[in-house]
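The values are calculated or read from the model by the stated rules, or taken from the named source; none is laboratory data. Predicted model, so just to flag it, every value in this text is computed and none were measured. Cβ coordinates were reconstructed from backbone atoms using ideal geometry, including for glycine residues, and neighbour counts include every protein chain displayed.
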Amino acid sequence: MATRKEGQVEVLQTLYSMLALVFVLVACVELGDAATVVDVYRLIQYDLAGVPFGSRLAALNHHAGSLPFTPGTDLSRTVIIMPIREVNITFLREYTTNKKHLGGLLLLLPRASSDGSTEETKDADEVPVVGLFRNVLAELEQLLVHATVPYPVYFAFEDPSLDAVLADVKKNDALGQPATATTGGYKFVVPSPEPKKISSPMMTNIQGWLPGLKGEGDSNQLPTIAIVASYDTFGAAPALSVGSDSNGSGIVTLLEIARLFTRLYSNPKTRGRYNLLFGLTSGGPYNYNGTLKWLRSFDQRLRESIDYAICLNSIGSWSDDLWLHVSKPPENAYIKQVYESLSNVAEELGFRINIKHKKINISNPRVAWEHEQFSRLRVTAATLSELSSAPELLENAGGLADSRRFVDESAVVRSVKLVAESLARHIYGQQGKNIQVFADGSSLAVNPSYIRLWLDLLSRTPRVAPFLSKNDPFVSALKKELAEHTVEVSVQHEVLDGMFTFYDLTKAKLNIYQVASVTFDLLLLLVLGSYLILLFSFLVITTRGLDDLISIFRRPPSRKVKTA
Amino acid sequence: MTIFHFFNCAILTFGPHAVYYSATPLSEYDTLGTSVKAAVVYLGTALIKLVCIATFLKVPENDNFDPYQELLKALIGFIDVAGLYFALTQLTHRNISQNHKFQAVGLGWAFADSVLHRLAPLWVGARGLEFTWEYILQGLEANANLVLTVSLAALGSLMWLRKNKPRTLIPIIYLCAGILATMPSITSYLRRSLGWQPPKVVGFELFSSLEDLLTLRCSSG
């Protein structure tokens, strides 16, 4: 009876401890939450003449960490989350130049910067901050594009779930705690195969004609004026390279000019004695490879009939002056004529055009401007751009920093007016006269909403040529739009040759798991083991008595004695 | 590491059943056959229950507590009681005492329930990378369920097998049995209508099972 009483007391005690354990467990429970999946965009991977560039890996499976780190920490198994607003360029530069290994890098882009929405920034304070981002982004992009990064690099947009993860990770890193279930360790996983080479990347050039009016019995071929813009982009993240300014603004300007002139050319009375050739070329970032192929496909007579060509490049975010880049000396009669015609109109519109001469070095494979491809084939050409100097290879090709919010519609409208007006004066022989063909309010006025809609569309469409398929909806849309405004539209598919090799996998899904550490699992095992042992002892004591429990542990030696 | 977590959760879910079997005199009298039979009866009952639920219940469109549906569910839940009754009275057991019989039946019943309801989610979920408390809670729930089932079996054996029942205890026994049989509905009510979080519900289940154990202990001896 006494043992029974004792047993009861023990029962109650174990019960209390069990209850306490249960309540402790219950108290911890609220922390768990479900796995998150985020869209991420991979850093471009390419070979330039056999030399590897960009991120060389796609698969990711490491714990998350955040800056700052104490120097000397081993980061080869950590994915660093770095929001652009606090990005540490020197840290990255150090890591890429010294070829130090990271587990991975996740760069968080501010949500608004690539939104593609037409919303103007409402706060005046926000604009300089955004401008700052733009510089940082451009610098970061150049750094990453020209470096060989032996680990996966992904871009993602900030969103609430990622922000929560980042805050959690930061908190833990600041405390210096190892990742556990209760303190929130995160594991980033991107299940992804090995990136594969894109075999024979295609470029698609689109051209449209507006034939001029031939006089009676005029056997000579009409002269042609070409308006050309390259439409593809290049950037650190191919899936995010929308290039609103480079060269979205050029495409829009070209389309709008085609729209204006088709109205003039549809009426025989106003049909000019010049053919107009509109060309949307691909391969722009790769030394205008597409333009070269396109020009080579012309026959000699056609090429000789081109009076001059105007290439449009980045004309969407300027305020006071534009640049006309030429590769023949400005004293050249044809160049002079083009320049004067443009600068006359510019003066009337209230801004300035500067001319810049850059000689072509035939032995240098680098083609900085689109008109240089024309000039190499002895066609008079000039590039109209807001950039004052020639960009380096893969620079200013419409990457991350080039988003809709930096493009000014009114600048595009002014560009359209400038080019269209000067073209009209040339075509109708009204040089030097102050007439306005495309005056506001007339039936031939520039349509700002058309420009806005196309800019918005272009700012949502990544257009990195190797990742655009032959029948990409975007290419078909461009073709269809050009067919609306011109007569003979033809599409030319060419293989992008040269020194570039690209690798696929531009988008991925990032799985974020909250994981428990091994120590937590060990601890749990310990707790469970002791729980089961307690339960066992408790059951043995209550059903068979304490003596039985003790005898269980005594039995083995006694058996040994027996066998001996 | 995640296999480790699965292992832990499996211990928590199925360990107590094994411990219960080996620690109590059940193992000495070799009542495994009875437990297996009870488990088979459980399978049959579960099948009938599924058919009934599929026939009579609507698929809930939202997470609200619908009293009529829940009442039906509780009624269907009484099929469990019928199954237990069958297992306790109709099956021919080897000659074991009533005391061990209800324990063996309850154990087999609870184990089959755990295997059927918890093994597959555990295998699928706990091996994933993501850590959640869900499977630990589920294990705790399995523990509470073991106690509840054994108590229900004990009450059943008191009701149906014992001839000389003390008069005063009969209403209490029936009341307790009723509460136990409607336990799933009660937890469902707590979860849906009162909006309790899973941890709280599991805590309640554990608490009620312990409470239950105490009353059973007091009433029987």
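One table, with the values for the structure above:
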| quantity | calculated |
| --- | --- |
| Residue B:129, sole failed condition from (1) surrounded by 22 or more Cβ atoms within 10 Å (Cβ to Cβ); (2) within 14 Å of another protein chain (Cβ to nearest Cβ); (3) out of contact with any Pro (no Cβ under 8 Å at 6 or more places or on another chain) | (1) |
| Unique residue being touching an Asp or Glu at 6+ places or on another chain (Cβ under 7 Å), under 26 Å from residue B:204 (Cα atoms) and buried (at least 16 other Cβ atoms within 10 Å of the Cβ) when the list is B:104, B:181, B:154, B:110 | B:181 |
| Matching strands (runs of 3 or more DSSP E) fully within the range A:312-425 where at least 1 residues are modelled with pLDDT of 90 or more, buried (at least 24 other Cβ atoms within 10 Å of the Cβ) and in contact with a Lys or Arg (Cβ under 7 Å, 6 or more places away or on another chain) | A:321-326 |
| Flag for residue A:56 being surrounded by 14 or more Cβ atoms within 10 Å (Cβ to Cβ), within 17 Å of residue A:192 (Cβ to Cβ), at pLDDT 80 or above and of a type in the set (D, E, K, R) | yes |
| Condition check for residue A:198: hydrophobic (A, V, I, L, M, F, W, C) and modelled with pLDDT of 90 or more | no |
| Test for residue A:502: is it buried (at least 20 other Cβ atoms within 10 Å of the Cβ), more than 9 Å from chain B (Cβ to nearest Cβ) and aromatic (Phe, Trp, Tyr) | yes |
| Pairs, first within 14 Å of residue A:227 (Cβ to Cβ) in the range A:414-428, second acidic (Asp, Glu) and surrounded by 24 or more Cβ atoms within 10 Å (Cβ to Cβ), C-beta under 7 Å, six or more apart | A:416/A:256 |
| Members of the range A:478-521 that are free of Cβ contacts under 8 Å to residues at least 12 places away in the same chain and in contact with a Phe, Trp or Tyr (Cβ under 9 Å, 6 or more places away or on another chain) | A:518, A:521 |
| Residue in the range A:283-292 that is surrounded by fewer than 23 Cβ atoms within 10 Å (Cβ to Cβ) and either among the charged types (D, E, K, R) or part of a strand (DSSP E or B) (or both) present | no |
| Pairs where the first residue, in the range B:1-23, is more than 8 Å from chain A (Cβ to nearest Cβ) and the second is buried (at least 18 other Cβ atoms within 10 Å of the Cβ) and assigned to a loop (DSSP other than H, G, I, E, B), C-beta under 6 Å, 6+ apart | B:6/B:126; B:9/B:126 |
| Some residue of the range A:445-461 being over 17 Å from residue A:251 (Cα atoms), within 14 Å of chain B (Cβ to nearest Cβ), modelled with pLDDT of 85 or more and surrounded by 13 or more Cβ atoms within 10 Å (Cβ to Cβ) | no |
| Any hit, the range B:58-77, residues being among the charged types (D, E, K, R), closer than 19 Å to residue B:157 by Cβ and buried (at least 18 other Cβ atoms within 10 Å of the Cβ) | no |
| Residue identified as at pLDDT 85 or above and charged (D, E, K, R) among A:85, A:42 | A:42 |
| Criterion (more than 14 Å from chain A (Cβ to nearest Cβ), out of contact with any Asp or Glu (no Cβ under 9 Å at 6 or more places or on another chain) and not aromatic (Phe, Trp, Tyr)) met by exactly one of B:124, B:115 | B:115 |
| Single match in A:551, A:530, A:469, A:537 (criterion: among the small types (Gly, Ala, Ser), under 30 Å from the mean Cα position of the chain (by Cα) and on the phi < 0 side of the Ramachandran plot) | A:469 |
| Any hit, the range A:102-115, residues being in contact with a Ser or Thr (Cβ under 6 Å, 6 or more places away or on another chain), modelled with pLDDT under 80, small (Gly, Ala, Ser) and within 19 Å of residue A:405 (Cβ to Cβ) | yes |
| Residue A:332, sole failed condition from (1) over 35 Å from the mean Cα position of the chain (by Cα); (2) closer than 27 Å to residue A:206 by Cα | (2) |
| Number of the exception - residue B:22 against (1) more than 27 Å from residue A:536 (Cα to Cα); (2) surrounded by fewer than 16 Cβ atoms within 10 Å (Cβ to Cβ) | (1) |
| Of the criteria (1) within 14 Å of another protein chain (Cβ to nearest Cβ); (2) closer than 25 Å to residue B:124 by Cα, which one residue B:31 fails | (2) |
| Selected residue [within 14 Å of chain B (Cβ to nearest Cβ) and in contact with a helix residue (DSSP H, G or I) (Cβ under 9 Å, 6 or more places away or on another chain)] from A:495, A:515, A:489 | A:515 |
